[in-house]
Amino acid sequence: MEWEEFEMERWQSEWENQVRYNLSESGVHPIQLKALISEDMLPDLLNQRLGYIQTNGSEELRSRIALMYPGAGIDNILVTTGSSEANLIVILAMLNRGDEVALMLPNYMQIWGVARGLGVEVKPFWLQEGDKWQLDLQGLKELVTPRTKMIIICSPNNPTGAVLAGDELDEICRIADKVGAWVLADEVYRGAEVEGEISPGLWGRYKRTLITCGFSKAYGLPGLRIGWIVGPADVIAKCWSYHDYTSICASTISDTLASIALSLPQRKKILERARGIVRGNLPVLKDLIAGHADSLSLTEPRAGAIAFVKYRLKINSTELAQRLLKEKSVLIVPGDHFGMDGYMRIGYGPEKEYLTAGLSLIHQLINEIKGKVTSKVHYEANGNI
């Protein structure tokens with residue numbers, strides 16, 4: 001068994017701590033520990049023993065996760081070390097060599113690589129760019145066959161920020177039900193909507209549903225390394241047996257802090273913070289695009305702190321990303337990593353001053369590529385480019 005290189009993760013892992021401006025991240029900037037816990041909590045935390053925790057997650061944490069999925073109980077939840085492990089475990093537990101899956105693209109390419117490494121036939125169906133990134137439901141219907149074991153979606157979507165509507169989710173479930181397939185939804189960006197309330201989720205729409213999620217994106221808590229799987233109790237039990245072969249359990253301290261984060265007042269506060277960040281920062285990114293209307297365009301993201309910016313420059317996306325890295329010390333993700341040259345994924349979740357400074361350097365390089373000499377980075381009085 002040989003897995004292909006996970007280009008985006010290797011790119012980020014190699015450079016994210018080496019650049020001055022990291023705009024490759026897809027979550028909002030992380031919360032400080034002091035904003036999560038109060039002083040009166042410290043004695044209990046300091047006295048906590050650092051042993052193994054319940055390997056499928058503490059009952060308290062699983063109970064709090066279950067509250068987000070009406071009708072779910074603790075047996076419907078498996079806590080994992082981040083949502084990446086959740087995705088890995090689901091694929092290992094549910095798919096075998098020779099199985100066929102339909103995978104939404106563009107997408108975070110972890111499942112693509114893991115499934116193909118296991119000998120699974122991965123058949124892509126694509127979001128179509130227009131006035132929004134639209135799901136091609138007819139294309140999905142034509143793609144699915146009696147051999148299809150699973151339909152895999154990511155909503156809100158990475159890298160486009162697109163959100164599937166409730167009726168689209170229902171139609172995906174109907175398509176799956178006709179062939180007895182599972183539907184797996186990566187919902188790690190739910191809660192970071194640019195407008196309106198939380199976006200529609202998959203839970204409760206279909207009996208063969210699996211959901212992966214975690215704290216790294218909308219919650220601004222990637223350092224906790226806490227994710228989870230939601231599904232039927234018997235499948236969760238099967239996934240737990242695979243978890244025994246991976247990380248065994250999450251960190252005891254992370255489990256405790258995750259439970260605190262999911263207390264009702266904290267969860268509401270954390271997600272309101274995420275929405276405030278994306279609503280406040282998206283106009284800063286749009287200023288960059290408006291300043292280069294001849295060469296940049298954006299189908300606006302509806303959720304998440306990521307934008308899939310289309311460009312019209314005579315340069316490959318990987319080359320563009322490499323020039324930003326080497327010449328400007330700015331890290332973005334090239335569209336090549338999603339199989340779509342001519343795009344770049346820009347994370348707009350950092351603190352606003354940091355974001356503005358990083359975007360200014362992108363502005364500078366674009367001018368240089370277009371043959372314009374920029375003597376210095378220019379800021380408007382309001383701080384935007």
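The values are calculated or read from the model by the stated rules, or taken from the named source; none is laboratory data. All values derive from a computational prediction rather than experimental measurement. As a convention, Cβ positions derive from the backbone with ideal geometry for all residues, glycine included, and neighbour counts pool all protein chains shown.
Sub-8 Å Cβ pairs linking a first residue in the stretch 33-51 that is outside the structural domain of residue 220 (by TED's automatic domain parsing) and part of a helix (DSSP H, G or I) to a second residue that is at pLDDT 95 or above and surrounded by fewer than 10 Cβ atoms within 10 Å (Cβ to Cβ), at least 6 apart or interchain, number zero. With respect to the conditions (1) over 21 Å from the mean Cα position of the chain (by Cα); (2) at pLDDT 95 or above, residue 81 falls short on a single one, namely (1).
Exactly one residue out of 60, 85 is assigned to a helix (DSSP H, G or I), surrounded by fewer than 19 Cβ atoms within 10 Å (Cβ to Cβ) and in contact (Cβ under 8 Å) with a residue 12 or more places away in the chain, and it is 60.
Testing residue 187 on (1) free of Cβ contacts under 8 Å to residues at least 60 places away in the same chain; (2) surrounded by fewer than 20 Cβ atoms within 10 Å (Cβ to Cβ); (3) closer than 22 Å to residue 151 by Cα, one condition comes back false. Which one is that? Condition (2) is where residue 187 drops out. Any idea which residue in the stretch 1-51 is nearest to residue 117 (Cα to Cα), counting only those that are hydroxyl-bearing (Ser, Thr, Tyr) and exposed (fewer than 15 other Cβ atoms within 10 Å of the Cβ)? Looking at residues that are hydroxyl-bearing (Ser, Thr, Tyr) and exposed (fewer than 15 other Cβ atoms within 10 Å of the Cβ), I get 13.
Restrict the check to the stretch 269-285 and report whether at least one residue is over 22 Å from the mean Cα position of the chain (by Cα), assigned to a helix (DSSP H, G or I), surrounded by 13 or more Cβ atoms within 10 Å (Cβ to Cβ) and in contact (Cβ under 8 Å) with a residue 60 or more places away in the chain. Looking for residues that are over 22 Å from the mean Cα position of the chain (by Cα), assigned to a helix (DSSP H, G or I), surrounded by 13 or more Cβ atoms within 10 Å (Cβ to Cβ) and in contact (Cβ under 8 Å) with a residue 60 or more places away in the chain, one finds none in the stretch 269-285, hence no. Scanning the stretch 142-162 for residues being out of contact with any Phe, Trp or Tyr (no Cβ under 6 Å at 6 or more places or on another chain) and either among the aromatic types (Phe, Trp, Tyr) or surrounded by 14 or more Cβ atoms within 10 Å (Cβ to Cβ) (or both) gives a total of 10.
Just to verify a result, which residue in the stretch 221-267, among those that are β-branched (Val, Ile, Thr) and surrounded by fewer than 16 Cβ atoms within 10 Å (Cβ to Cβ), is farthest from residue 53 (Cα to Cα)? If we take residues in the stretch 221-267 being β-branched (Val, Ile, Thr) and surrounded by fewer than 16 Cβ atoms within 10 Å (Cβ to Cβ), then 246 is farthest from residue 53 (Cα to Cα). Any chance the stretch 93-107 includes a residue that's over 16 Å from residue 150 (Cβ atoms) and of a type in the set (Lys, Arg)? Checked against the condition, which is being over 16 Å from residue 150 (Cβ atoms) and of a type in the set (Lys, Arg), the stretch 93-107 yields no hits at all.
The numbered conditions (1) surrounded by 23 or more Cβ atoms within 10 Å (Cβ to Cβ); (2) assigned by TED's automatic domain parsing to the domain that holds residue 255 are all true for residue 67 except (1). Within the set 115, 102, 86, the sole residue that is over 15 Å from the mean Cα position of the chain (by Cα), of a type in the set (Gly, Ala, Ser) and closer than 22 Å to residue 26 by Cβ turns out to be 115.
crowded, with 24+ Cβ neighbours inside 10 Å and in a loop (DSSP other than H, G, I, E, B): is that true of residue 218 in this structure? When the stated conditions are applied, residue 218 passes them.
For the condition of a type outside the set (Val, Ile, Thr), surrounded by 20 or more Cβ atoms within 10 Å (Cβ to Cβ) and closer than 18 Å to residue 161 by Cα, residue 192 qualifies. The criterion of at least 3 residues that are without any contact (Cβ under 8 Å) to a residue 24 or more places away in the chain and not assigned by TED's automatic domain parsing to the domain that holds residue 24 is met, among strands (runs of 3 or more DSSP E) falling completely within the stretch 103-161, by 121-129.
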